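Bear in mind that the values in this text are calculations on the coordinates, not laboratory data. Bear in mind the structure is a predicted one, so any value in this text is a computation, not a measurement. Every residue, glycine among them, receives a Cβ derived from its backbone with ideal geometry; neighbour counts consider all protein chains shown.
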Amino acid sequence: MRPLKSFAAVPLLLVVSGVGQAAPAWYECPQSIPEASVRVSEPQPGWKPFVSSPLYLNSAAPADGPPERLGILRGQEVKTTKAGWTHKYSLAGPYPEGKWLRCDYGEYGQISLSKRLPDDIQECTVKGKKGEHAGESNIEVMCK
C-alpha cells in the first residue's frame, strides 16, 4: 500500500503568506481647484487679477515629508502606454516626517494639495491618463 500524500500544508502556506498585508486603500486627489479658490493677493500697483478657470489635476505622487520639503519620490516601476501611465513607489523604511500624497495642479504643478498617509503604508501605485482639459490628468492612487 502506498502512503497518502498530504497537501494540508498548501492551504496553510497560502493563509500564512497573506498575514500582515494591508488591504489596498484608494486615495483621490480633487480633480480641480475652483477658480474662486485661486486668489492673487497684493498684485503690482495698477494690475487687477482675474482667474478665469479652475486649475486641473496634472499629477500625483507620494512624497517624503510635508509639502514644503518638496520631497517627491521617483517611481521604481514606470510603465507608459498609449492609454496612460503607471508609476509604482516603494514606501518601505523610515520616513521621520511622514509619508504624504502630493497632488499637483496646473500644467507645471504650480499649486499642490497634500495629505498625510498612514505610516504603515508600504507602497503606492499611481495610474493616470490624459484628461479632457489642457494639462488635466485623470489619476487613481492605490496604496497598501
(request) Label the stretch 80-124 by shape, choosing from rounded, prolate and oblate, from the square roots a ≥ b ≥ c of the eigenvalues of the Cα gyration tensor; if a/c is under 1.5 it is rounded, and otherwise prolate applies when a/b is larger than b/c, oblate when it is not. (result) oblate
(message) Once you compute Rg and the Kirkwood Rh from C-alpha atoms, what is the Rg to Rh ratio for the stretch 63-144?
(response) 0.97
(message) How far apart, in nanometres, would the label points at LYS79 and HIS133 be if each is projected 7 angstrom from Cα along the Cα-to-Cβ direction?
(response) 3.0 nm
(message) Starting from 0.36 nm per residue, how many nanometres of slack lie between ASP119 and ALA92 once their C-alpha separation is accounted for?
(response) 8.7 nm
(request) Give me D for the stretch 13-135 in µm² s⁻¹, whole number, from Stokes-Einstein with Rh from the Kirkwood sum over alpha-carbon pairs, 20 °C and 1.002 mPa s. (result) 128 µm²/s
(request) Pop a pseudo-label 7 angstrom from the Cα along the beta-carbon direction at both GLU28 and VAL40 and give the gap in nm to one decimal. (result) 3.2 nm
